[in-house]
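Read the figures in this text as sums done on the coordinates, not as results from a lab. Note that the structure is a prediction, hence the values are computed from the model and not measured. Neighbour counts run over all protein chains shown; Cβ positions are idealised from the backbone, glycine included.
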Amino acid sequence: IYILGIESSCDDTSAAVIRNGYLLSNITASQAVHKAYGGVVPELASRAHQQNIVPVVDQALKQAGITKEQLSAITVTLGPGLMGSLHVGVSFAKGLATSLGIPLIEANHLQGHILAHFILTEGEELRVPPFPYLCLMVSGGNSQIVKVNAYNDMEMLGQTIDDAAGEAMDKCSKVMGFGYPGGPIIDKLARQGNPNAYTFAKPHIAGLDYSFSGLKTSFLYFLRDETKKDPNFVEHHKEDLAASLEKTIIDILMKKLTQAVKETGITEVALSGGVSANTALREAFKTRQDNKQWSIYIPKFGYTTDNAAMIAITGYYKYLDKDFCPIDKPAYSRTTL
Ligand code: ATP
Ligand code: FE
């Protein structure tokens, strides 16, 4: 079984090929155009996807050593994401599947992030989470705690009611005058800083939901007040600011996750999404394992942010269930799992 996966929901154009559940290729074209704007510009993203989609798919097939006629099915991210970006991948996938006479499979982008733990290459021994397990899915647009019962059966236990964790990093990075995306910049600075230098507002939200907009505002006001006293405050304290902000975000994430472990009694806990690349968050997970509290699963660094390998593996398990997508199903910008 050969599955081609296509991902174009945000600013990465990516294609991957999986044979019988094992990854053969995973090619991603990232878009540098957005850096100058401090965030993704939807119209520019769609245009870049248009330029990248054909060469990226060609290269993925070439690296896998197969022709498109050998494909069993095509799986594509139908949502959530930017509509103009999604349309490029979805239209391409529909056209190719129709011309080859093979099934189209819908992938939910968030399900893809969660299933990144199951991306295997042949001959590799990988520890995969056993069902049911809990997954902290933290990315640029989402922050949620998910109970994963099976590849195609996931329950959302809690989610952010406003900003996502990655979005909070990106926005705070922007107000400090750093580049985009902010997550990796804050991660790097934080390693040299004191996480207890400053304290910022933490939300009081019932249940397993998250909120990050109050923290963002508290950070903004703090900078505004300090900059009045010292115009170069950020420059003088950027490491401590990054470390303290990062610690606050991680404390918020871990508190609700710990509560979810208590409530469900499930101690198999996975991390996924773009923010799972974060060094300190990974460390916080490792501490839980060292304390023998949880059994943890952290994705390979390369599968944390957007990639088509996670979409192809999602498609593979849906293919086994014969869970195909009607060719007229439209892309969607918002959804839950
Ligand atoms: P979604 O998946 O919710 O649709 P997205 O696809 O834009 O959103 P991802 O690609 O999964 O999001 O992740 C991007 C986010 O991850 C950005 O907010 C970025 O700042 C954050 N990120 C990436 N690397 C790190 C890191 N090392 N530390 C913290 N955050 C990081
Ligand atoms: Fe993503």
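Details
- Spacing of the modelled spin labels on ILE161 and LYS35, each 7 Å from Cα toward Cβ, amounts to 3.9 nm.
- Of all lysines in the structure, the ones whose alpha carbon falls short of 20 Å from that of LYS94, not counting any fewer than 8 places away in one chain, are LYS68, LYS318, LYS322, LYS329.
- Under 21 Å from the Cα of LYS174 - lysines, other chains or at least 8 residues apart: LYS35, LYS188, LYS202, LYS216, LYS228, LYS229, LYS238, LYS247
- Fewest-first ordering of GLU124, GLU155 by other beta carbons within 10 Å of each residue's beta carbon gives GLU124, GLU155.
- Ranking of THR160, THR287 by neighbouring Cβ atoms within 10 Å, starting from the fewest: THR287, THR160.
- Estimated distance in nm for a label pair at THR335 and LYS255, the labels positioned 7 Å out from Cα along Cα-to-Cβ: 3.3 nm
- Full-stretch length increase - ALA197, ASN232 - with 0.36 nm per residue and alpha-carbon distance subtracted: 10.9 nm
- Total formal charge among the other residues, if their Cβ is under 13 angstrom from that of SER72, Lys/Arg +1 and Asp/Glu -1: +3
- Net charge, ALA48 excluded, C-beta distance under 12 Å - Lys, Arg +1, Asp, Glu -1: -2
- Ellipticity estimate at 222 nm from DSSP helix runs (n ≥ 4, -39,500 (n - 2.57)) divided over the chain, nearest 500: -14000 deg cm²/dmol
- Model label points for GLU122 and LEU320, set 7 angstrom from Cα along the Cα-to-Cβ axis, are 1.8 nm apart.
- Using C-alpha pairs under 8 Å with a sequence gap of at least 6, the mean separation divided by the residue count of the chain gives a relative contact order of 25 percent.
- Residues THR279 and LEU100, FRET efficiency given R0 of 35 Å [Cβ-Cβ distance, rounded to 0.05]: 0.25
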